[in-house]
Amino acid sequence: MSRSGQWARAQLLRWGAPGIGLALFALWEAAGRMGLISPLFFPAPSVIIDTLVRLFGNGELTANVIATVTRVMSGFLLGGLLGLSLGMLMGWSASLRQVVDPLVAAVHPIPKISIFPLIMIVFGIGVLSKTLVVAIAAFFPMVINTMAGVRQISPIYLEVADNYGAGPWKVFTRVILPASSPMILAGVRLALNLSLTITTSVELLMAQDGLGSMIWLSWQTLRIEELYAAVVALAVIGILFRFTIVMLTKRLVPWQSRESA
Amino acid sequence: MSIAGTHIHLSYPTRNGSVVALEDISFEIRAQEFVCIVGPSGCGKTTLLKIVAGLLKPTSGRIVFNSTAANGRPRNALVFQEHGLFPWMSVLDNVGLGLEMRGVRRKSRHAQAMQFIEQFGLSAFAYSYPHELSVGMRQRVSLARAFIMDPEVLLMDEPFASLDALTKVILQQELLRIWREHRKQVVYVTHDIEEALLLGDRVLVMSGRPGSILEEISVPLTRPRDLLDRGRPEIVERKNHIWRILEEEVRNGIGGIA
């Protein structure tokens, strides 16, 4: 292939994804303006952007974003930290793993949103139940990934640490933690995504604020353009989570930068 | 320091009953001596080295260290096969590992590590991570990490096994040069007969599993040694001799027809 041909190919690949995206939006916009699709159910992108600007301006969107992110983060931190700690212990102790692993494996496949009503029976309909169901969802990917991360540590590293006189604390901070961190970060990514999904579901069902609640309310009152605005906001949050994880991975596991994407 | 092992046995349980890995091994390693252990793969050379390092306990038998060093000096430092470096630490931190574990402050640790990094010709790579280095450079880092500890004995587990032939020769020479400067006692495990003869004062020849010591051969070369020593008739003769001892062991190990 000629040099200019190679250049054209590289440009095509580079701009392919944004190009297709923009083309679809343009098509959507055009179809809306020409009256080919119902403006009530499929408001044009320009209308959605207007709505976003309006809702952002009057503070409604910001308040809902804050409510949702707060639920996601509190559930994620609670469940994630518990999962991280238990995963470390289970990775380390074969006996603990033998007892607890079957329980984890048994409960893990249950879609966590399905036990939300049961949680509410026990913990009421307040903030506690909502945090708990998100925490339970975040707990599983963290415990499973952390355990796997600790288990896959090559025994050579532990022998090296032993031979060079590392005490238990140094073994933990200088070997176990860094050696398992790629897997833990993969767990964080899964747990954050799940937390966002479960938070949205919970808000659709049982909340006065948050993006999920906003979606449900706008659906019931047929303000469909606000529903779209909330979906866009959720997408942006998801993308920001992903971006944060990628940055975190680059920073925390520089020796594995190739696998960070 | 002298190290004496007497009647060392090691067996471990498996699903199909107990497996004997080492059988009645006795040896003595004198102060400042460079001893090579050569044997077919799977014969328990590494296991024996781990016993000397204190990472494994023998099932029976004793290993006695006659230490003359002052307190605080580690008894041994292991140089592992290629995967012994921590991939999450820079060269500087890997070399300073033992000092860090000993509680040496960061600044003085880095200063000392830098000296050894220089001695091993790695100055340009102090802040690199192991995956950015060639296999040969990685093993130099491993050597620096062991030497900086100033241990009474260096234990090496086929440190150059995965290197290409040319790099291997260079690193063997470097090892001998630095060893001359520091005069350490070395126990060096390898499956390369020629390497054992070129590096060691004595060579212990091990049998296939269960590992036992078949013969002890002293190397009639003076130091400093030369690359061309490998062609000397007394070395060639010993090489052939060891190979004759080991040939059957290796054949048994791979299930071939004798």
>> When a/c reaches 1.5 or more, the comparison of a/b and b/c decides; with that in mind, is region A:3-98 rounded, prolate or oblate per its Cα gyration tensor?
In response: oblate
> Taking the Cβ of B:E158 as the center, what net charge do the other residues with Cβ under 15 Å away carry, scoring Lys and Arg +1 and Asp and Glu -1?
Replying inline: -3
>> Report the Cα centroid-to-centroid distance between region B:1-79 and region A:123-147 in angstrom, as an integer.
In response: 50
>> Can you list residues from other chains, or at least 5 along the same chain, whose modelled amide H is less than 5 Å from the amide H of B:I37?
In response: B:Y188, B:V189, B:T190, B:L204
>> What do you get for the angle between helix A:127-151 and the principal long axis of chain A? Use alpha-carbon atoms, 0 to 90 degrees, nearest ten.
In response: 50
>> If I model a spin label at A:T221 and B:T14 as a point 7 Å from the Cα along the Cα→Cβ vector, what separation in nanometres do I get?
In response: 7.3
>> Can you return the lysines within cross-link range of B:K45? Criterion is Cα-Cα under 26 Å, with same-chain partners fewer than 8 residues away left out.
In response: B:K57, B:K168, B:K184, B:K239
> With r defined as the distance between the Cβ atoms of A:S38 and A:V122 and R0 fixed at 60 Å, what FRET efficiency is calculated, to the nearest 0.05?
Replying inline: 0.85
> Given H placed 1.01 Å from N in the peptide plane, which residues other than close sequence neighbours of B:S128 have an amide H under 5 Å from its amide H?
Replying inline: B:V91, B:L92
> Amide H neighbours of B:Q185 under 5 Å, counting only residues 5+ apart in sequence or on other chains, H built in-plane at 1.01 Å?
Replying inline: B:Q32, B:L154
> How large is the Kirkwood hydrodynamic radius of region A:115-261, in angstrom, based on all distinct alpha carbon pairs?
Replying inline: 17.9
> What nm value, rounded to one decimal, do you get for the distance between A:A30 and B:K57 when each label is placed 7 Å out toward the C-beta?
Replying inline: 8.0
> By average Cβ neighbour count within 10 Å, what is the ranking of A:12-18, B:91-97 from highest down?
Replying inline: B:91-97, A:12-18
> How large is ³J(HN,Hα), in whole Hz, for each residue of region B:130-143 in order, when computed from phi with the Karplus curve 6.51 cos²θ - 1.76 cosθ + 1.60 and θ = phi - 60°, using x for Gly and Pro?
Replying inline: x, 5, 8, 9, 6, 4, x, 5, 4, 6, 5, 4, 4, 5
>> At R0 = 30 Å, how high is the FRET efficiency between A:L103 and A:T70 if r is their beta carbon distance? Nearest 0.05 is fine.
In response: 0.50
>> With angles folded into 0 to 90 degrees, how steeply does helix B:106-119 sit against the dominant principal axis of chain B? Use alpha carbons for both and round to 10.
In response: 60
> Using the Cα atoms of region B:1-79 to build a convex hull, what is its mean projected area in square nanometres?
Replying inline: 6.1
> All other residues with a Cβ under 15 Å from the Cβ of A:Q208 taken together, and with Lys, Arg as +1 and Asp, Glu as -1, what is their net charge?
Replying inline: -1
> What fraction of the DSSP beta bridges in the protein assembly as shown is antiparallel, stated in percent and rounded to the nearest 5?
Replying inline: 50
> What list of ³J(HN,Hα) values in whole Hz, one per residue of region A:10-19 in order, does the Karplus curve 6.51 cos²θ - 1.76 cosθ + 1.60 (θ = phi - 60°) give from phi, with Gly and Pro shown as x?
Replying inline: 4, 5, 4, 5, 5, 9, x, 5, x, x
> For chain B, what is the percent of antiparallel DSSP beta bridges, rounded to the nearest 5?
Replying inline: 50
> Once the other residues with Cβ under 11 Å from the Cβ of B:V35 are scored (Lys, Arg +1; Asp, Glu -1), what is the net sum?
Replying inline: -2
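Roughly speaking, what is the stretch gain from B:D150 to B:V104, that is 0.36 nm per residue apart minus the C-alpha to C-alpha distance, in nm to one decimal?
Working: separation 46, 0.36 × 46 = 16.56 nm, distance 1.41 nm.
In short, 15.2 nm is gained.
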> What FRET efficiency comes out for the pair B:K239/A:Q6, r = Cβ-Cβ distance, R0 = 56 Å, nearest 0.05?
Replying inline: 0.55
>> Rounding to the nearest 10 and keeping the result within 0 to 90°, find how far the Cα-based axis of helix A:45-57 lies from the longest principal axis of chain A.
In response: 70
> Can you give me the pair-distance distribution of the protein assembly as shown, C-alpha pairs, 10 Å bins, whole percents?
Replying inline: 3, 14, 19, 18, 15, 12, 10, 6, 3, 0
> In what order do B:T14, A:T199 fall by count of nearby beta-carbon atoms within 10 Å, going from fewest to most?
Replying inline: B:T14, A:T199
>> I'd like the distance separating the alpha-carbon centroids of region B:93-152 and region A:216-253, in whole Å.
In response: 46
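Bear in mind these aren't lab numbers, they're just calculated from the coordinates by the rules spelled out. Keep in mind that this is a model prediction, so the values were computed, not measured. Note: ideal-geometry Cβ built from the backbone for every residue, glycine included; neighbour counts use all protein chains shown.
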